[in-house]
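Scroll down for the structure; my scribbles are underneath it.
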């Protein structure tokens, strides 16, 4: 009987930890350079949302300009793509938004510039992938593993995300 109680307690704790490990984002407010505000509701109609943390002062951001645009064009029918800068940085470029209060980046747990987050909008805004864009931040032709693209394909095909988390490359976010 004591053994059964231990097993039951273990299973209860295991599933509590498992349930807490899936993060979802709540509503947020981000603003573009020309004052256009976006919230999570603005992405209704898309299956997913990709958020890349961006900062024009970080050299790594330049390495991902083309890769970001290529993925955005490839998945434009089902996935929205945006870049978000930390609250102390003015946005530059198209589809770049400022997280003035830091609420979105805090919800995401963002730590580095160029870190990407894949949000499943059809499953309660769950963060299903976070980390690096791919395995070679500096040279696009040297990429062996396309982490974000793989996660996007798995999400769209309704498969399990094989690598839900990878180590992001880029500059450390100094202040959110």
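Does the stretch 108-115 contain at least one residue that is surrounded by fewer than 20 Cβ atoms within 10 Å (Cβ to Cβ), on the phi > 0 side of the Ramachandran plot and either free of Cβ contacts under 8 Å to residues at least 24 places away in the same chain or in a loop (DSSP other than H, G, I, E, B) (or both)?
Filtering the stretch 108-115 down to residues surrounded by fewer than 20 Cβ atoms within 10 Å (Cβ to Cβ) leaves 109, 111-112.
Now restrict to residues that are on the phi > 0 side of the Ramachandran plot: 109.
Subset that is either free of Cβ contacts under 8 Å to residues at least 24 places away in the same chain or in a loop (DSSP other than H, G, I, E, B) (or both): 109.
Yes.
Hey, could you check the stretch 133-168 for residues that are touching a strand residue (DSSP E or B) at 6+ places or on another chain (Cβ under 7 Å) and part of a loop (DSSP other than H, G, I, E, B) and say which is surrounded by the most Cβ atoms within 10 Å (Cβ to Cβ)?
Within the stretch 133-168, the first condition is being touching a strand residue (DSSP E or B) at 6+ places or on another chain (Cβ under 7 Å), and the residues that meet it are 133, 147-148, 151-152, 155, 161, 164-168.
The next check asks that each one be part of a loop (DSSP other than H, G, I, E, B); those that pass are 133, 161, 164, 166-168.
Values: 133: 27, 161: 16, 164: 17, 166: 19, 167: 11, 168: 21.
Only one residue tops the list, namely 133.
Is it the case that some residue within the stretch 55-66 is at pLDDT 95 or above and under 25 Å from residue 157 (Cα atoms)?
The answer is no, given that none of the residues of the stretch 55-66 is at pLDDT 95 or above and under 25 Å from residue 157 (Cα atoms).
Only one of 121, 104 is in contact (Cβ under 8 Å) with a residue 40 or more places away in the chain, closer than 24 Å to residue 56 by Cβ and either within 12 Å of the chain's Cα centre (by Cα) or surrounded by fewer than 22 Cβ atoms within 10 Å (Cβ to Cβ) (or both); which? I'd like the intermediate steps shown before the answer.
On the way: 121 fails: closer than 24 Å to residue 56 by Cβ.
When all the criteria are applied, what remains is 104.
From (1) closer than 16 Å to residue 40 by Cβ; (2) modelled with pLDDT of 95 or more; (3) buried (at least 20 other Cβ atoms within 10 Å of the Cβ), pick out the condition that doesn't hold for residue 126.
The number of the failed condition is (3).
Surrounded by fewer than 16 Cβ atoms within 10 Å (Cβ to Cβ) and touching a strand residue (DSSP E or B) at 6+ places or on another chain (Cβ under 6 Å): which single residue out of 50, 31 fits that description?
31
Look at the stretch 32-52 and say how many of its residues are within 18 Å of the chain's Cα centre (by Cα), assigned to a strand (DSSP E or B) and more than 24 Å from residue 67 (Cα to Cα).
Within the stretch 32-52, residues that are within 18 Å of the chain's Cα centre (by Cα), assigned to a strand (DSSP E or B) and more than 24 Å from residue 67 (Cα to Cα) number 0.
Residue pairs, Cβ under 9 Å, 6 or more apart or interchain, first in the stretch 153-174 and free of Cβ contacts under 8 Å to residues at least 40 places away in the same chain and on the phi > 0 side of the Ramachandran plot, second in a helix (DSSP H, G or I) and exposed (fewer than 15 other Cβ atoms within 10 Å of the Cβ). List them.
Final answer for the pair search is none.
Just a yes or no: is a residue in the stretch 73-96 within 14 Å of residue 51 (Cα to Cα), within 14 Å of the chain's Cα centre (by Cα), modelled with pLDDT of 95 or more and in a helix (DSSP H, G or I)?
no
Quick check on my filter: what residues within the stretch 117-132 are in a loop (DSSP other than H, G, I, E, B), touching a helix residue (DSSP H, G or I) at 6+ places or on another chain (Cβ under 9 Å) and closer than 16 Å to residue 25 by Cβ?
Hit for the stretch 117-132 is 125, nothing else.
Quick check, is residue 138 within 19 Å of residue 81 (Cα to Cα) and at pLDDT below 95?
no
The values are calculated or read from the model by the stated rules, or taken from the named source; none is laboratory data. Note that the structure is a prediction, hence the values are computed from the model and not measured. Every residue, glycine among them, receives a Cβ derived from its backbone with ideal geometry; neighbour counts consider all protein chains shown.
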